[in-house]
Each structure stands twice: as C-alpha cells, then as structure tokens.
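Note sheet for the following structure.
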Amino acid sequence: MIRKTTIDKNSSLHQWSTLWQKCTTLQALKQTHAQMVINGFNSNRFALRELIYTSAMTISSAMDYAYQVFTHITKPDLFMWNTMIRGYAQSRNPLMAISLYAQMEKCHVQPDNYTFLFVLKACTNLSWARMGFTIHGKVVKFGFESNTFVRNTLIYFHANCGDIRIASEIFEGSRKTNVVTWSALTAGYARRGELGVARKLFDEMPVRDLFSWNVIITGYAKHGDMDNARELFNVVPKRDVVTWNVMIAGYVLKGEHEQAMDMFEEMRCAGEQPDEVTMLSIVSACADLGALDIGEKLHCSLLEMYSGNLSILISNALIDMYAKCGSINKALEVFHGMREKVASTWNSIIVGLAFHGHYEESLCLFEEMRRMKVRLNEVTFVGVLVACSHTGKVKQGREYFNLMRYQYNIEPNIKHYGCMVDLLGRAGQLKEAFDFIDTMKIKPNAIIWRALLGACKVHGNIELGRRANEQLLRMRSDHSGDYVLLSNIYASKGEWDGVEKVRKLMDVSGVRKERGCSLVEADDKALMHFLPA
C-alpha cells in the first residue's frame, strides 16, 4: 500500500530533491513516482527531470522503468534525452543509446556537446567503428570538435575501436596539457595490446593523476602482464578502490586465484573498503578454487555489507560459486531468496544444476522460466541440453534444440552442437550422431570428435571409432588420449592387431602417453602422485 504524502505545489524544489535522494531501490522509486502523480506533479518539468535522472543514473535496475516513463512524456527536453542516452550508454544495452539518438534526430531536437559524449561512449562500448565515424562527422557539423571533453572522448573512441592514427592526430593537435587527453590515448593503446606505446606515453606524461596510473595498470592486468602491473602498483603514489580492483581482477583473469585472495587480504589490511566489483572478483576466485568455506564467509560479509539486499550481479556470482563448489542446496537457497531475477540468474542455476547431476531439477526450472516469459538465450539452452544428455532424453533434447532455433531464433554455437553429439553418443545413436555432424553449419572441433570417439568406445563400435579418430588426427596428431581411446575400442573387441597398429602409429608420430597422476592436499601443500602408464 502506498502512503499518500501531500506536497504543496508551491513547495521548494529542495523538498522534492530530498525525496528523490532517498530513492535507492526500484520499489522506493515507484513509490515516490506514485506520490508525484497523486500530488499532481506528473506534468511538472522539474519533477520529471528528477524522475528520469534517478531512474537512469542512480538505480542500476531501473533503466527499463526510466524508458517506460520517458516514452510517455510529451516533448521531452534535451536534458531528458541526454540522461536517457547516458544511462543506456553505460548500461548493458548501449545499443539503446544509439537508437535514442536516432529518435532524437527525428524529433528535431538539437544535440549539445554532452549528447555526443554519451553517444560516442556507446559506440566505444559496442565497438561500432562505422557508427562512431558517423558521430564524429556530426561533432564536426555542430562545431563541438574543439570542446575539451568531446575531443578527449573522440581520442578514446578512435584509440579503442576507431582509427588509432586519427586518435594520435587529435592528440597532437591538442595542447597536451590535459592529463585526461594523455590518459585517453594511453588507454586506447593499452586496450589494443600495444603496451609498449602505452607505457611510453605514460612515462612522458607531464602530469599524472590517479586515473592515469589506473589506466596503465589496467592495461597490463587485462593482458595478463601481472609482473609489470604489480611493479607499478607498488609505486603508485596513491591508491583507490579501482587500483585494488584492477589487480585482484587481473589475478583472477590470469587464473592466479591465490594471489587474488592475498591481494584482497592486503587491501583490507590497508584499510581500503571493498566494493561490489571487488567482491565479484573474490567470489569468482572462490568458485574457481573450489574454496567453499571462504565463499560462505564472503557470503556472510556481503549480507552484512548490504544489509541483506544483495544485487543481482552479486547473487548470480554466489549461485555460480556455490554450484561450482558442489553446494547445490546453497545455490538454490540464494536463487529462491532473490526478489528480482533476470535471465542470467536463471541461467546460472539451470547450468549449475545440470553440470552437477541435478538434471530433472534443471529441466523443471527451465520450464518454469518459460512459463514466466523470461527471455531465453544461448546459455540457457546449453544447460538444458546438458541435462537432456545426462538423463538420456534424446527426444526431448531434439525438441529443445529445434525450439532454440525455430521458436527463439537462437543460432546454435559449437557448444550446442557438442551437447547434441554428446546426447546422441551417450544414447548409442552413433550413426545419427555422425549424420548430425555432417549437417552442422559450424566446422566441428576436436572436442566434438573426441566426445564421439569416447561414445564409440563405450558402445564398442570400431568402425565409427576409427572414422572419428581419423578426423581427430587430421586436426592434431600429438594428443595421446585420442590414440588410447581407439586402442581401447580395439582391445574391448579382442582385436589385438588393431591395438598394435595404433601403438605403431603412435611411435611413428612420436606421441608418448603421459603418465597418469593424482593431486591431493596435505597441510595446505599440493602433493602430486604419479601413476604408471
């Protein structure tokens, strides 16, 4: 029930501003919007501006709500257009920023320099070079190319996905006194992987601020050069949460999860307060390490940090972490406790259930997802096809595969094809699996042929196993497992001549079977035990 609050139409603007500042959730925003309508402010330009700004800029999950409001405003002003374009430019759907700019042109609303800042940012996020060049032309047409902010954004766009030569020309034509200008070009070269040029620019900067330090450290971290990233991190005059986050995320990206955990501990000891980005990286590290105990402690810390109101991103990461650590009940607990779920939330739990043996539950949630009209995507169907494969539901798997293609217009990728081959192979329908591969629009990779070779071993089909092995050897001839699988198929049928031929082929190709090994942990030390070949 919405509490009616009477606000006099002559009330100060400050009173309304205070109301909007209190809106930190979508629910609070809707309540304030309702008060606005009840009190007759639904046509007040100031109130509408505040509503659009709060929806688009301060509440991460309210962008769609902002759009619904925006479409019902008669003749929105430039501030409203810019706010909507800006909100979408920095959202997960930057394409809408481009679409809104096109609508703005059709409505004959003249843009200002801020409009182009946001549209260029959307082009950069989308890596849309051609559209960015068009917007650059608009910038020149409206005479904003000399604006410092626009110029820096143009440098950043061209350096990242446009023409690096144009970025350099704009940079050379500037006064080179603005640290943002230097940082924009440095970030562009770093993102392209030209770290040598980026470092040279960084070293030549007349003035460096924290942003420029973060730019170069980010460049090294994103390309896996954590030694140079750490070297700069150690000497940066001042660090903020972004600096720490870049290092932690860099270690996670490189697979050095223990270093990421050590960096997180170092961050807390330094008195830096972690934010959502930090926690996402650390939860991801726990997932990859299988560190359930640490993950559970982080979950408790997150509940304290956000008073139990976890964001969708954090909740999704926790579902993924619990699933990867094998704690499916905990994953389901997080899932069912979420007030708001998006497609990625459903995908996380469906895939998690499927990959950990809870196939029926995975398929049930998929059907519930369909009933609730949640948008399905390619990830959803990977989980569903895996579940069908492991439960032997061949007919249902085919139906879902066709459903994906013809009802939801999702073009299958190599993972979907691999799931279907695995499904048919496990069910012993090897001939159909070969025929299915022949109809694929994508060239099958080694994983698909290896799955089929494994199925041939399980079902003892020498002829088809030989065909699958031939395809694998055309791709690469140094993988000992492919030879061993074929050899085992011959052995299972007592065809020892075939076994001998495979071993001779391995000798000719110079392939050696690696010794098997097991890994155990004792006193926090990883111990490797080798088994005889």
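At-a-glance table
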{"read-out": "Condition check for Glu304: outside the structural domain of Gln396 (by TED's automatic domain parsing) and free of Cβ contacts under 8 Å to residues at least 12 places away in the same chain", "value": "yes"}
{"read-out": "Filtered residues of region 66-80 (kept if buried (at least 22 other Cβ atoms within 10 Å of the Cβ) and under 28 Å from the mean Cα position of the chain (by Cα))", "value": "Ala66"}
{"read-out": "Filter pass, Arg175 being among the charged types (D, E, K, R) and in contact with a helix residue (DSSP H, G or I) (Cβ under 9 Å, 6 or more places away or on another chain)", "value": "yes"}
{"read-out": "Hey, Phe116 closer than 27 Å to Ser99 by Cβ and under 24 Å from the mean Cα position of the chain (by Cα) or not", "value": "no"}
{"read-out": "Candidates Thr181, Thr186 - the one that is in contact with a Phe, Trp or Tyr (Cβ under 6 Å, 6 or more places away or on another chain) and in contact (Cβ under 8 Å) with a residue 12 or more places away in the chain", "value": "Thr186"}
{"read-out": "Matching residues, region 285-326, being small (Gly, Ala, Ser), assigned to a helix (DSSP H, G or I) and surrounded by fewer than 17 Cβ atoms within 10 Å (Cβ to Cβ)", "value": "Ser301"}
{"read-out": "Of residues in region 227-267 being within 21 Å of the chain's Cα centre (by Cα) and more than 28 Å from Leu292 (Cβ to Cβ), the one surrounded by the fewest Cβ atoms within 10 Å (Cβ to Cβ)", "value": "Val242"}
{"read-out": "Extreme residue, nearest to Phe118 (Cα to Cα), among residues of region 49-61 that are of a type outside the set (Val, Ile, Thr) and buried (at least 21 other Cβ atoms within 10 Å of the Cβ)", "value": "Ala56"}
{"read-out": "Cβ-Cβ under 7 Å pairs, at least 6 apart or on other chains, region 70-89 side at positive phi, far side of a type outside the set (D, E, K, R)", "value": "none"}
{"read-out": "Subset of region 392-409 that is surrounded by 18 or more Cβ atoms within 10 Å (Cβ to Cβ) and not aromatic (Phe, Trp, Tyr) - its residue that is nearest to Tyr359 (Cα to Cα)", "value": "Lys393"}
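The values are calculated or read from the model by the stated rules, or taken from the named source; none is laboratory data. Remember, it's a predicted structure, so these values are computed and weren't measured experimentally. Heads up, the Cβs are rebuilt from the backbone with ideal geometry, glycines too, and the neighbour counts pull from every protein chain shown.
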